[in-house]
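Worksheet for the structure shown next.
The values are calculated or read from the model by the stated rules, or taken from the named source; none is laboratory data. Quick caveat, the model's predicted, so the values are computed rather than measured. Note that we place each Cβ from the backbone using ideal geometry, even for glycine, and neighbour counts take in every protein chain shown.
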Amino acid sequence: MPTVRFHAHGRTWDSEVPVGESILQASKKVGAPEGDACGGVCGCSTCHVYVKEGLALLSPAEEDEEDIMDKAFDVRANSRLGCQAKILKDGHLEIEVQVHEVRRRQDRRGLLWSVAFLLVFNAKYIFIATFNVIYRFTHASGATYPGTGSRLDSVLAPFLGGNLLNGYDYVFKMARPPGPDWLVTAASWGARLVYLFAWLGMAAAISRISKAWRAWKSEDRSAASVLDLLAVIALNGLVLQAFIFVALRIPLGPQYYFGTFALHVFFAWLGVDLLRRVRLAAVAGGFYAASCAFITLGVARELHYHGYDYVGWPTLRTATELTRALNAYEDTAAHTDIEFLDKYPQPLRTVRLLVPPVSGEPQRKSGGLFIHYAERDGKKLGLMIVTDLAGNPPPKGSRSIEITPLPRDWVPDPKTW
Ligand code: FES
């Protein structure tokens, strides 16, 4: 029976195959690192090998093979495609697998093209981002957002995942899903499992660094899997994010707007993969999925039936309702303790322009208007309402704002925005 010895990455593999089998089949039998991207149908060249001994034992190269070889890298007189070269006679073959070298060149070229595309298509973004990072490093003392996080918070933020990652805010702050207390609490804790997954994933990624490093040093890429390399790339991304977060002084809370979301999803996946080994992935993943489904569907139902009444963020609906109430008065100013309206009265004035009083309906002069949030059981709701002060002084801390409809030709003053 013909014998084949494969050489690659300083190692050898010995194989024995019957006459009529291909070099690729011989390599598969012993796990030699010969490529077969097209599945052995003469469509790629990843099975390119050099026949150091035993060339005469092989079937001659046909036209298809020569066509592919024309496009392959580093073709020599003893080059063959492993999937096409059949061993027709008994004897011994010495085969050098050069896929590593070839792939490395292809990868390098692909990488260069990818970087070039990224740079060209993101040139504007890169310029703005670079400018912002430099600006924040030199001017990061202001109270604008971002720029409000402490340096310690900011450097930890990418590793902690932000409090929006688990849906907690949606459960308790914005719209509580219907259901008994214990169910809502269980769902909120279930949603927080994402942190456990992500942190386990980070630990798993750190444990893969040594494998990736060994592969890098030895240039034997089979020493590390694709997942090892991806894990290390993701860790690098996290460190890079930490650097940017410190530069921008991004606070802990809402950080997923700034790009760690995809990384955390990847780490969470690695974490779940780790849990699989101790047969906990299904339980933990199932609990997490059920919690997220409960929160998502429950919140969607709540918003559908009761609207969005998150205090602090007036919506078009609440602004329109307030406008309709204000249309009963001819006042041009009102007091308010709603910070958003105090800072930005223009959206309300715009809605007043779009929703004018019904013609013919009389308007009355109030004894002073006070715009505030409606309350239920002593708790503020997102609904804005107006109260006639009937000559009483406005509540302490409230400020006067103009509430006339914006003129049609009004142009925003950049200084006020
Ligand atoms: Fe693709 Fe041989 S495996 S050409």
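Details
- So Q25, is it under 17 Å from P2 (Cβ atoms), within 12 Å of the ligand (Cβ to nearest atom) and either assigned to a loop (DSSP other than H, G, I, E, B) or among the acidic types (D, E) (or both): no
- Being at pLDDT below 90 and assigned by TED's automatic domain parsing to the domain that holds R176 holds for only one residue in R376, R301, R408, and it is R301.
- L93 meets all of the listed conditions (1) surrounded by fewer than 20 Cβ atoms within 10 Å (Cβ to Cβ); (2) more than 16 Å from the ligand (Cβ to nearest atom) but one, namely (1).
- Residue selected from the stretch 40-71 under the condition closer than 23 Å to T12 by Cα and within 7 Å of the ligand (Cβ to nearest atom), by the criterion surrounded by the fewest Cβ atoms within 10 Å (Cβ to Cβ): G40
- Flag for P18 being more than 15 Å from the ligand (Cβ to nearest atom), without any contact (Cβ under 8 Å) to a residue 12 or more places away in the chain and surrounded by fewer than 19 Cβ atoms within 10 Å (Cβ to Cβ): no
- Close pairs (9 angstrom Cβ cut-off, 6 or more residues apart or separate chains): charged (D, E, K, R) in the stretch 29-42, assigned to a loop (DSSP other than H, G, I, E, B) and more than 8 Å from the ligand (Cβ to nearest atom) anywhere: K29/V17; K29/E21
- Whether a residue is over 18 Å from H92 (Cα atoms) and surrounded by 13 or more Cβ atoms within 10 Å (Cβ to Cβ) was assessed, and S27 does not pass this test.
- Qualifying residue in the stretch 377-385 (condition: over 24 Å from H306 (Cα atoms) and not hydroxyl-bearing (S, T, Y)): no
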